[in-house]
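What follows is calculated from the coordinates using simple rules that are stated; it is not laboratory data. It should be emphasised that the depicted structure is a prediction, and the values quoted were computed from it without experimental measurement. FYI the Cβ positions are ideal-geometry reconstructions off the backbone, even for glycines, and counts take in every protein chain you see.
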Amino acid sequence: MYHYHYKRVFDTTASSAPAISLDMWRGATLILPLGIGAAVYGFAFGVLAAQVGFPAWGIGLMSIGVFAGSSQIAAVDQFATNGAVAGAVVAGMALNLRYLGIMASLSEVLRATPLMKKLLAVHVTADENWALTMSERARDPSVDADFLIGSGLMVVVMWTGSTVLGAWIGAGVPDLSGYGLGFAFTAAFIAMARGLWRGRRDLLPFASSFAATAVLVRFEVEGAFAILGGAAAGVIVSGAIRLAAAGRAGTAPERPS
Amino acid sequence: MTEAQWLLIGLLAAGTFAIRLTGLFVGDAVERRPALRAVLHDLPGCLVVALVASSLAGASLQAWLAAAVALAVAAWSNHVILTMAIGVGAFIAIGSLLQI
């Protein structure tokens, strides 16, 4: 309970401006191990982005402004491959749809938070500090928006810093595409797919998505449309499987986890 | 930066913030609709697989073999950086083996 006492003291010293509370510091320090993981990934992304023509400061701007790793990678990859903005943005945003669920789970944590602070919390919520906040809160219900914001700001700093450093170094080295740097994007997507794999029920949807995309690319459908079309095929197959299973069981479709 | 790069960053930033904000206010309502929820949960995985497929379609044997290695590493480790590092290493190694 000691930090609750200190938080009260801190809060009385600054009523209007967002103050740095002890909970923010606690979040910022506890997130460090997870932040280092994000920073390694950020460094790799920075190198890739610089190699496809983004300046280091532009990557920094993107990391602060977007602050969503996998969507930044997908968008930069699509932009570098096709040069089309709309397709790259849609591909990146589709990967961020998980934030609907993540943010929904935070509505209780942010209920009493003032608007400006709430908007800050919304922007700095990433997978890492969300997971840490939820697990800390399960142990100690006094963990609140300050912890989320403090840990989130630390991830913002580490993510942005590492992407800029990567881009700065990436711009200084010669063209690495001959050394398989382009394949690093493919490998990153393979790893992301593994992370999103929920078990054998994903096999047919994933396979359909892969096959449909390959066919669309083969028929020279423009990059982003091939990807969205392929993903749609996978989602439809997944829905069909779910409906068929529900039909066999004679019940309403079960909720996916 | 080019105009297109500015546009990409601006739109992705605005769109991502909009999704996060929407989630805070109506995420619960969305999650309570089974059909919508199912689509939202299925889409990211299928989309990432589609990204893999589009980068491999028409690619060299070297890329396909390296992708198989990366898939094995990902399946075993479930670790992004490790998969990228070993994947690129395999790409280079396979490239030099195919040249022999």
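Before moving on, here are some points about what is shown:
- Radius 14 Å from Cβ of A:Thr186, net charge of other residues (Lys, Arg +1; Asp, Glu -1): 0
- Formal net charge of residues neighbouring A:Ala38 (Cβ-Cβ distance under 10 Å; K, R +1; D, E -1): -2
- Cleavage-rule hits, trypsin sites (Lys or Arg not before Pro), segment B:1-44, DSSP coil, Cβ neighbours within 10 Å at most 15: B:Arg32
- Rounded to whole Å, the principal axis extents of the Cα atoms in the protein assembly as shown read 70, 62, 39, largest first.
- A:Asp140/B:Leu97 FRET efficiency (R0 51 Å; Cβ-Cβ; nearest 0.05): 0.40
- Label-point separation, B:His79 to B:Leu7 (7 Å along Cα→Cβ), nm: 4.1 nm
- Rounded if a/c under 1.5, otherwise prolate or oblate - segment B:45-100, Cα gyration tensor axes: oblate
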